[in-house]
Amino acid sequence: MKSAGIIDLSSIKKLDKISEDEYKDRLSELQFEILKYQIRFLEDKIPVVLVFEGWDAAGKGGVIKRITEKLDPRMYDVHPIGPPTPTELKHHYMRRFWIRLPMYGELGIFDRSWYGRVLVERVEQLCAKHEWEQAYEEINDFEKKLANNGFLVVKFFLHITKDEQYKRLKDRETHTYKRWKLSDDDWRNRDKWDDYEVAINDLLEKTTTDVAPWHVIHFEQKKAGRIKVMEIMLESYKKYYKKHHGKRGE
């Protein structure tokens, strides 16, 4: 399973700003297309996994909200992933993700994921060096097994600059209705930005594969970023159908 190409955060270009009218029109179109595909996945019993990683305050929750806005709640599950519980720590680190995988025909969305092993657990030294080093191969094998069993796995990393993150965290701190999103860890993690950047670049290099490539999107322009994510989703859906079902990909 060869690499699908090396990605580096420094090479990710910002998206152009789009107008509010253009955003609303395009968003509506994409949401309808996503709904149509999800109905097809349900009929054909195809399980889909969307993985969202990214910097704190990059916009993961916002894009997930727009993706699911028009879907029947029975079609999908969203899994916001936090630190493992004491019970989960008694098992292999991948177990809690295996049991959250979608059933055939459903959509499983992971707001953070198994990549925590090679990100936060690596940077915060929550596991031994040999454990996170071997995790790259374990993760690639896991995603390959999913693909071999008919799963479609689409992975996104949402990128913003350190300055943009500061603005968004201060905005959350200022507005009462956004403050629930903010934690002490958000501020503390900024002190290790450089360490996280190294870990992210390693992750992109080592886990971008033919069966599950990374899509890295600059999210300084949130609305343009959401549109880009949904366009890539649909491209991935069409490619899957063309590969597995011939002309049904059209």
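The values are calculated or read from the model by the stated rules, or taken from the named source; none is laboratory data. Because the structure is a prediction, the values reported are computed rather than measured. All Cβ positions, glycine included, derive from the backbone under ideal geometry; neighbour counts span all protein chains shown.
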Scan the range 158-168 for residues that are surrounded by 20 or more Cβ atoms within 10 Å (Cβ to Cβ) and over 20 Å from the mean Cα position of the chain (by Cα) and report the count.
0
Return the residue satisfying two criteria in turn: it lies in the range 114-157 and is within 18 Å of Glu205 (Cβ to Cβ) and aromatic (Phe, Trp, Tyr), and of such residues it is farthest from the chain's Cα centre (by Cα).
Trp132
With the structure loaded, tell me whether Asp194 is part of a helix (DSSP H, G or I) and in contact with a Lys or Arg (Cβ under 9 Å, 6 or more places away or on another chain) or whether it fails that test.
no
Suppose the filter is of a type in the set (Lys, Arg), surrounded by fewer than 21 Cβ atoms within 10 Å (Cβ to Cβ), more than 22 Å from Ile232 (Cβ to Cβ) and in contact (Cβ under 8 Å) with a residue 40 or more places away in the chain; does Lys45 pass it?
yes
Sort out which residues of the range 208-250 are aliphatic (A, V, I, L, M), touching a strand residue (DSSP E or B) at 6+ places or on another chain (Cβ under 7 Å) and either outside any loop (DSSP other than H, G, I, E, B) or modelled with pLDDT under 95 (or both), and write them in order of number.
Val216, Ile217, Val229, Ile232, Met233
Among the residues of the range 64-123, which ones are of a type in the set (Val, Ile, Thr) and under 24 Å from Ser28 (Cβ atoms)?
Ile64, Ile67, Thr68, Val78, Ile109
Only one residue in Lys60, Lys24 is in contact (Cβ under 8 Å) with a residue 40 or more places away in the chain and either in contact with a helix residue (DSSP H, G or I) (Cβ under 9 Å, 6 or more places away or on another chain) or not acidic (Asp, Glu) (or both), so which one is that?
Lys60
Residues of the range 102-151 satisfying the condition of being part of a loop (DSSP other than H, G, I, E, B) and touching an Asp or Glu at 6+ places or on another chain (Cβ under 8 Å):
Pro102, Gly105, Glu106, Arg112, Ser113, Leu119, Cys127
Looking only at the range 63-94, and only at residues there that are among the charged types (D, E, K, R) and out of contact with any helix residue (DSSP H, G or I) (no Cβ under 7 Å at 6 or more places or on another chain), the one that is farthest from Glu220 (Cα to Cα):
Lys90
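Quick one: which residue in Tyr115, Tyr136, Tyr93 is modelled with pLDDT of 95 or more and touching a Pro at 6+ places or on another chain (Cβ under 9 Å)?
Going through Tyr115, Tyr136, Tyr93 in turn, just one is modelled with pLDDT of 95 or more and touching a Pro at 6+ places or on another chain (Cβ under 9 Å): Tyr93.
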Between a first residue in the range 224-241 that is farther than 16 Å from Ile46 by Cα and among the acidic types (Asp, Glu) and a second residue that is assigned to a helix (DSSP H, G or I) and modelled with pLDDT of 95 or more, which pairs have beta carbons less than 7 Å apart while being 6 or more apart in sequence or on different chains?
Glu231/Leu30
For the range 67-78, does any single residue satisfy the condition of being touching a residue at least 60 places away in the same chain (Cβ under 8 Å), in a helix (DSSP H, G or I) and of a type in the set (D, E, K, R)?
no
